[in-house]
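The values are calculated or read from the model by the stated rules, or taken from the named source; none is laboratory data. Fair warning: this is a prediction, and the values are worked out from it, not measured in the lab. Note that each Cβ is placed from the backbone with ideal geometry, even for glycine, and that neighbours are counted across all protein chains shown.
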Amino acid sequence: MYKVVLFNIDLSGGAGKFIITLANALAEEGVSVHIVILEEKTEYDLPPELSLHILNPRAPKRSLAKALKKYIDQIGSVDLIFSNSTPSNKILSFLDLPNAYHIVHSAETKNYTGPLGVLKDILRKNKYRRLYNGKKLITVSKGLQRYILDDLNAHPKTIQTIYNPFEINAIQNAALQNLEELPKEPYLLHVGRLDISSKRHDLLLEAYKKASVAFKLYIVGEGEDREEIQTLIHKMNLSGKVILQGHSPNPYAWMKRAKLLILSSDFEGFGRVLAEALIAGTPVVSTDCPSGPAEILTGSLQSYLSPPGDSNALAENILKALEYYPDISKLGLSHLSVENVAKEYMTLIDKISNKETFYE
């Protein structure tokens, strides 16, 4: 039996969903999965058959790395270790483990302004170049892979793309659930963390106002920028038209009944809400940001991508999508299914385990 460690800060957000989905899929393939986190924070139910170990979150990074190594030695014969976020990748980087893979979920980009903007951008790129150099990397989109190799000019030991896994049947079943809070009238939808710098809620509101549609816009999600976004809504005279709904335990039901899902980000790792909405049967429009959306909206859906930061183009796509959208049922999304993604990870585990054995 193969033994795999999935390491992250906690089990919240998209990374938490990714870890639990992948852990379940690997366990079904007969893999012994051990989840290691720093904080007992989760938004999802953890199946009892999965092993969970919690390190001390207050310890320095080097001490956490030593504690992780100690746990790996204790369980013995670990075939592969997957780290799942930038903070956990930094901790894992202190250990020179030949069977460690760093999964990169986001580009960690930021638009710096002011006279020191160029210098800050150079320092940021240098920091991430050092983090990724010489490491074995898995990116969740091809755009992320290009970013690491071309924009950062990093030199990882190996790099490959394996898409995020989606539980297609589970999403479609959850989408059918009737929630009391769902609006009775048709609506537009945005789902994501309330983070203006990356999700660009300012652009979303500008495009929505310019589109001047009769439908209300519901924003599902929570984050530190809630108050700032609420202020923007008021300043733009959109009170009563744009609703900050907060967190929903079932965003798929919201997606299923929406006329359209809108993504306005300046950058994404993959843009999983686009795939989730399409799986639920709902049209989507998005900025063509790095990275991910262009790998989801392919073929006849490419025209529903707009340049990042262009509220006029996004507004035009909102109107175009409401008037006509291709048949979603004919889209090929099976390559994103958890079963197919798990096969790619199993192929990697088979390949590595048959070459070398670690921690015997």
* Asked: Which of the following residues is surrounded by fewer than 18 Cβ atoms within 10 Å (Cβ to Cβ) and under 19 Å from Gly281 (Cβ atoms): Gln160, Gln230, Gln172?
  -> Gln172
* Asked: Name the helices (runs of 4 or more DSSP H) wholly within the range 1-96 that hold at least 3 residues that are under 30 Å from Glu222 (Cα atoms)?
  -> 13-28, 86-92
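Yes or no, residue by residue, for (1) without any contact (Cβ under 8 Å) to a residue 24 or more places away in the chain; (2) small (Gly, Ala, Ser); (3) in the same structural domain as Arg130 (by TED's automatic domain parsing):
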site: Thr158; (1), (2), (3): yes, no, yes
site: Gln177; (1), (2), (3): no, no, no
site: Leu182; (1), (2), (3): no, no, no
site: Leu203; (1), (2), (3): no, no, no
site: Ala207; (1), (2), (3): no, yes, no
site: Val213; (1), (2), (3): no, no, no
site: Tyr218; (1), (2), (3): no, no, no
site: Gly221; (1), (2), (3): no, yes, no
site: Ile229; (1), (2), (3): no, no, no
* To do: Go through (1) within 25 Å of Lys216 (Cβ to Cβ); (2) surrounded by 15 or more Cβ atoms within 10 Å (Cβ to Cβ) and name the single condition Phe270 misses.
  => (1)
* **Residue match in the range 301-311 (condition: buried (at least 19 other Cβ atoms within 10 Å of the Cβ), part of a loop (DSSP other than H, G, I, E, B) and within 21 Å of the chain's Cα centre (by Cα))** => yes
* **Odd one out for Glu222, checked against (1) within 26 Å of Asn312 (Cβ to Cβ); (2) modelled with pLDDT under 95** => (1)
* Considering the range 54-68 alone, what residues qualify as being surrounded by fewer than 16 Cβ atoms within 10 Å (Cβ to Cβ) and closer than 15 Å to Leu6 by Cα? -> Ile54
* Structure fact -> Filter the range 136-151 for residues that are farther than 18 Å from Ala100 by Cβ and crowded, with 22+ Cβ neighbours inside 10 Å; the one that is farthest from the chain's Cα centre (by Cα) is Tyr147
